[in-house]
1. What net charge is computed for the residues neighbouring B:Lys108, neighbours being all others with C-beta under 12 Å from the C-beta of B:Lys108, Lys and Arg scored +1, Asp and Glu -1?
2. Just to be sure I understand: if I project the alpha-carbon convex hull of chain A onto a plane and average over all orientations, what area do I get in nm²?
3. Accessible area of A:Ile12, 1.4 Å probe, to the nearest 10 Å²?
4. Given the protein chains as shown and a 1.4 Å probe, how many square angstrom of B:Val55 are accessible, to the nearest 10?
5. Bin by bin, in steps of 5 Å, what percent of the Cα pairs in chain B do you find, going until the bin that has the longest distance?
6. Mind checking how much accessible area A and B bury in total, 1.4 Å probe, in Å² rounded to 100?
7. Distance cut-off 30 Å, Cα to Cα: go down the list A:Lys13/B:Lys108; A:Lys30/B:Lys56; A:Lys52/B:Lys59 and report the pairs above it.
8. Could you check how many percent of all C-alpha pairs in the protein assembly as shown are farther apart than 24 Å?
Amino acid sequence: DAGVTQSPTHLIKTRGQHVTLRCSPISGHKSVSWYQQVLGQGPQFIFQYYEKEERGRGNFPDRFSARQFPNYSSELNVNALLLGDSALYLCASSLEPDRGDWGNTIYFGEGSWLTVV
Amino acid sequence: TQLLEQSPQFLSIQEGENLTVYCNSSSVFSSLQWYRQEPGEGPVLLVTVVTGGEVKKLKRLTFQFGDARKDSSLHITAAQPGDTGLYLCAGSNAGKSTFGDGTTLTVKP
C-alpha cells in the first residue's frame with residue numbers, strides 16, 4: 001500500500017509569491033493534517049481536515065490556507081511568501097482524529113522542501 | 001498550550017552503549033507517538049502508546065508511557081550507528097499532535 005504522498009518534493013519561490021503543496025493520504029484515511037518543520041525544531045501544527053471540514057488550526061497567519069477534496073487529498077496554500085516560510089512542510093494522515101487510541105496516530109509523508117529567496 | 005519537552009537535546013555515544021531519552025509534559029494525552037527522522041525525510045512512526053504505564057518493545061527499543069499519560073521514555077540497548085537520527089515524541093489529543101523538538105542521537109562506530 002502506498003503511504004502518504006506529497007508533491008512537489010522541493011521548490012524555490014520568491015518573496016511575495018504564493019505556493020500550493022499537495023498531499024494524498026494513505027488509502028482509507030479520512031483525516032489529513034499539515035505541519036511546518038523548520039530546521040532544528042519539531043513539526044508545528046498548521047491545519048487538520050477531516051471529512052473535508054477544517055477541524056483544527058494552529059497559530060499561523062491567514063496567509064496559510066488549506067482544503068480537502070472529496071477523495072480526501074489535500075492542498076496547502078501559502079500567499080505572500082516570506083523568507084521565514086522556508087521550511088519542510090509535512091502532510092500526515094490518520095484514520096479518525098478523535099479516537100483515543102492508536103486510531104489517531106498520524107503517518108507522515110516525505111515532505112515538501114520550500115525555500116523562499 | 002500543550003508543550004512537550006524532550007531531553008537531552010543532543011546525545012553522542014559509542015556503538016554498543018545503552019541510552020534513554022525522555023519526553024515530558026504537564027498535559028495528559030490520549031496517546032503518544034515516537035518517531036525517528038533522518039535528514040531530508042519525513043518522520044517515520046516507531047510506536048504508539050495509549051495506556052498509562054504501557055511498555056512496548058521493538059527489537060532493541062523499549063518505550064514506556066507514564067502512568068499519568070503525561071510523559072514517556074525511549075530506551076535503546078546496544079546502540080548501533082544505524083540508530084543515528086532525530087527522535088521525536090508527539091502527544092495526541094482530539095486529532096492534533098503536539099511535537100517536542102526532538103533528541104538528536106549520534107552513534108559512533
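1. After counting each charged neighbour, the total is -3.
2. On the way: hull surface 28.1 nm².
Orientation-averaged projected area of the Cα hull: 7.0 nm².
3. 130 Å²
4. Looks like 80 Å² after rounding.
5. Reading upward from the zero bin: 2, 13, 24, 26, 19, 10, 4, 1, 0.
6. Numbers: alone 6420 and 5900 Å², together 10620 Å².
Counting protein atoms only, the buried area is about 1700 Å².
7. Values: A:Lys13/B:Lys108 38 Å; A:Lys30/B:Lys56 27 Å; A:Lys52/B:Lys59 39 Å.
Distance filter (> 30 Å) returns A:Lys13/B:Lys108; A:Lys52/B:Lys59.
8. On the way: 10920 of 25425 pairs.
Counting every Cα pair in the protein assembly as shown, those more than 24 Å apart make up 43 percent.
The values are calculated or read from the model by the stated rules, or taken from the named source; none is laboratory data. Bear in mind the structure is a predicted one, so any value in this text is a computation, not a measurement. As a convention, Cβ positions derive from the backbone with ideal geometry for all residues, glycine included, and neighbour counts pool all protein chains shown. To get the accessible areas, we keep the full protein, side chains included, count just its heavy atoms, and leave off ligands, DNA and RNA. Shrake-Rupley method; radii C 1.70, N 1.55, O 1.52, S 1.80 Å.
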